[in-house]
Structures are given as structure tokens and as C-alpha cells.
Amino acid sequence: MKRAFISVWDKSGLEELAPFLHEHDFSLISTGGTARKIENLGIPVTPVEEITGQPALMDGRLKTLDLRVFGPILFDRNKPAHGRDLEHLGQTPIDLVVVNLYPFEEMMAKGLSREELVEYIDIGGPSLLRAAAKNYAHVLVLCRPEHYPRFQQLYTQHDGNIPHDERESLAAEVFQQTGAYDQLIGAYFAPPSEDLPPTITIHARRHQLLRYGENPHQQAGFYLATGREPLWEQLHGKELSFNNYADAETAYQIVSEFAGPAVAIVKHANPCGFGLGETVTEAYRRALSTDPVSSFGGIVGLNRPVDEEGAQAMAEMFLECIIAPAFTSEALARLTRKKNLRLLQAAENRPVAAAREIKSVAGGFLVQEADSSQGEEGWEVVTQKEPTDQDMQAMRLGWKMVKFVKSNAIIFNNIDQLLGVGAGQMSRVDAVILAGMKAAKASLNLTGAAMASDAFFPFPDGLEEAVQLGITAIIQPGGSVRDSEVIAAANSHDVAMIFTHTRHFRH
């Protein structure tokens, strides 16, 4: 007769698994509540106390850490010395270990105190799983209820001789799971620090398998870091694509920068429209007017619930996705007529962006703090002309927006909308020219508008181009060796200019 050790917090699936094991001549060993659950199913079970000869101690903190439990799990059947040691313990082998862990992550999300959470740090569970996984050639290990049906199928199909590759796969998942479990607890107890840590550990679970990546020949999935939940809930439409995920996050990050009703339209990683307004509809109309052509098939982000009027406006053209804090029932009724339109409801009180960004490169990882909003403390008016109140409003908006545009980045805007975007250019003056071309194509007037640049102007030519288009206020980081020439050009054209002394490169 084979032996199975079962000790689980999540008892789902035991109703099928325990009878299956009993019918296939397994004797069951178990602990506490798991043993009671199995007994209630009418299945014979041996309490672990009968194996160890000791009751559970210290309020259950100590019950499975015993030679007479771990010896039968770690026993290598190919080593006679192991057999003698097991005989000395008076035990027989354990062939199957079924364990899942205390729900530290779940209890952390419930807001338990640190003292309460300590009791949800599993000690015996990870040790049992790791011991079984180490000896996977001889011991089968199941660390999740989702594995039970597959195990039963394979056991029946192979007459109990589970294939080596299946055993190895189950063992690998154990080490991934226990590693993530320890990392989550370590991150929770680590003291907060502004510095980059000396080491990083990335553990994430696959939340969704995507149809493909940026292109159809690339496999892709969306993974969630341990302890994190999605930023949004999908209410309607096709599955999200790789590019949808990236652009939806950007769209919602943009509108989250603003207190009043705001709408952003993102296309291929860049904002192609942005507007403020008294209502969602007004803000959307302004955003759409920035670049109606590029907005076709775009991602729309809002920082206010979508109402019926706003939904009607957005339903007038093809959009890939809309993300907002909420949708009224009337808005949903209108928008869900488009079966493929993805509707995302952003979660409340959830960070819009991570505090640190990680990018894989050159066989390693680049890690940086996120480019969070900068205050105005370091801003400096460097021209003879002081910006007006309206200039300041426009420059504040432009400085918030330009950090979301791929470098080299130029933005033209007024106090309530984006007027032109020059994105991803190798030359800054070309970015200015492109932004002007976009504004002209959309028939938007740049007279009296502001310009924001994500980095300094290396020559006065970019400023000269902007002035010819009607720009009268400029915000940029400064820092060029030719700053004095750029300032002189601004003064000669009676343009107000601010240096922020910080830049917003985005690659």
C-alpha cells in the first residue's frame, strides 16, 4: 500500500481526490482540519500525531517538522543506506505529498496587523513541499488544487507510474511557488527605502495568455507580480492584446495627473489627443480634435465615469479600448453594441503605476524609479518676458503631458487641450516641425500656444521654428551648452521661457 501525506489550507478538490486515493490503495496521513475533512468524507486517515508520537505544539506552529515525516518523503529508493535509515525510524515511504500554503497574501490584502500576519507565515508547508520536490523522482507533489484532476487522469492512464517529465514539472512549480511565497513575505517585512535594493527578485503569476505579442509571430502573456491585482476589470469586448495593455496603462496614467475632467487618446505608445473640459464629452471632443486621423483605433482614458452623452460621442468612431473609473448603465448599453470594443473599469485606490520600472536588456535588467510628477520648486523663468497666468496654465499642462511622449518629444498645447505632438524623432527640431505639421493638419491654431520639450534645445533652431508657428511660451529642462543662445533667441522674439532643470526622456 502506498502512502500519501495531505495537509492543505485550501481544501477545495478534496472531495474528489481523497476518495480517488482511497480507491487506489493509498493510506492517508493528515493534519488537523484536513484530517477532519477527510474523515467526514468517510475515508480512513491517520493523524500525523500517530506518526510523530507528539501532539501539535505551540498553537499548531509545530506539528509536521519531524524525522518520521521527512524521512519517508526524502527516502531515495535507489540508495540502500536510505532504506536502512528509514527502517531505523520505523517508517515506510511516503509516495505522494499534497500541500498548499497558509494564505499570507490573502490575509495581507485584508489589512491584518503585522502581529496577526505572522501567524500566516507557513513553516511546515514549504518544508514539506520542498522535500517532496527534491525527491521528485520517487515522490509526487501537488501544491495546488488545480493539479488534482490532471494527477488523477495521469495516474489512471499510466497505472500509477506518473511520467518523469510530469513529476519534474510539478516539482519545478513547487520551487517557483515557495520562492514567490518567501519573496512576498520578505518584501512585506523589508524596511521602506528610497534606494535601489542590492538585489531584486521578480516573481509573477500568469494572469492572462495573450493571443500574441506586439506582432503575431511573438508569444505573449500578462503576468502579475506577487501580491498585486490588475489595474482594471474588463467589462466588455475582445480579449486585450499586448499593445492594449501598454497603451491602456499610459492613457490612464495621463488622465490621473489631472484633477478636473480629462480625456487622453493613446495610439502606439504615444498620446495623440488630450483634452480638459467641464464634462466628459467636452474633454473628449477636445482630445479628438488634436488628431482625429491618428485617434482612429486608439485607446481612450478618462478620469471620470463615462455617461450616456460621452458614450454616444465615443461611439461615433472606431476605438480599440476605453478605460475609466466607471460607466453608467446607459453608457454601457450604448457602448456594448460594439461587440469588440474593450471596456475597462479602473480599480479604486490602486496605484496607477509601479514605483519602479524594470526592463530586460543585454541579458540583465535595467531598474529605475518611475518618472513621477515633479513640483515647480526648481522652475526658473530665464527670459525677460514673464509668463502670464494663462501661459503658466498651459505650460503646466504641457509639462505633465510631455513625459508620456516618446523621445525626442515636443508638445504644443493651450490651457485645455493638446494641439500637436512630435514624438520619437532623432532630431529635436524635426520633432518641432512634426508637431506643427500635426497641428496644421488638424486645423488647430497655435497662436499664443505653449510648447513643452522633454529635454533641452541643443540649438536655437527648434525655438525659431516654434515661434514661426505662433508659440509664445516655452517650458523645457535647460542644460545645453548653448542655453544662452536659446535664451537670446527667446528674448529677441518676446517669448516667455521656463527652465525646469529636470528632463522627461521616455524610451
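Where a number appears in this text, it was derived from the coordinates with a stated rule and is not lab data. The structure presented is a predicted model; accordingly, all values stated were derived computationally and were not measured. Cβ: placed from backbone, ideal geometry, glycine included. Neighbour counts: every protein chain shown.
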* Give the distance, in whole Å, between the Cα centre of segment 38-99 and the Cα centre of segment 423-447. => 73
* To do: Starting from the Cα gyration tensor of segment 35-137, take the square roots of the eigenvalues, sort them a ≥ b ≥ c, and report rounded, prolate or oblate (rounded when a/c is under 1.5, otherwise prolate if a/b is larger than b/c, else oblate).
  => prolate
* State the antiparallel share, in %, of DSSP beta bridges confined to segment 380-499, rounding to the nearest 5. => 60
* For CYS321, which sequence-distant residues (separation of 5 or more, or a different chain) have an amide H within less than 5 Å of its own amide H, given hydrogens modelled in the peptide plane? -> VAL300, ARG342
* Structure fact -> Phi angles of segment 100-117, converted by Karplus (6.51 cos²θ - 1.76 cosθ + 1.60, θ = phi - 60°) into ³J(HN,Hα) in whole Hz with x for Gly and Pro, give 10, 9, 4, x, 4, 4, 4, 6, 4, 5, 7, x, 4, 5, 4, 5, 5, 5
* Structure fact -> Of all stretches in the chain that avoid trypsin sites (Lys or Arg not before Pro) placed in a DSSP loop and having at most 11 other Cβ atoms within 10 Å, the longest is 111-336
* Asked: Assigning unit charges at the beta carbon (Lys, Arg +1; Asp, Glu -1) and nothing else, what dipole magnitude in debye, to the nearest 20, does the chain show about its Cα centre?
  -> 1040
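Run through the DSSP bridge list for segment 205-346 and note the antiparallel percent, rounded to the nearest 5.
70
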* To do: Select from the chain the helices, each a whole stretch of DSSP H, whose alpha-carbon atoms run 24 Å or more along the helix axis and whose Kyte-Doolittle mean is at least -1.0; answer none if there are none.
  => 164-189
* Scan (i) 23.1, 72; (ii) 27.7, 115; (iii) 30.5, 95 for the value of Rg and Dmax of the Cα atoms in Å calculated from this model and give just the label. => (iii)
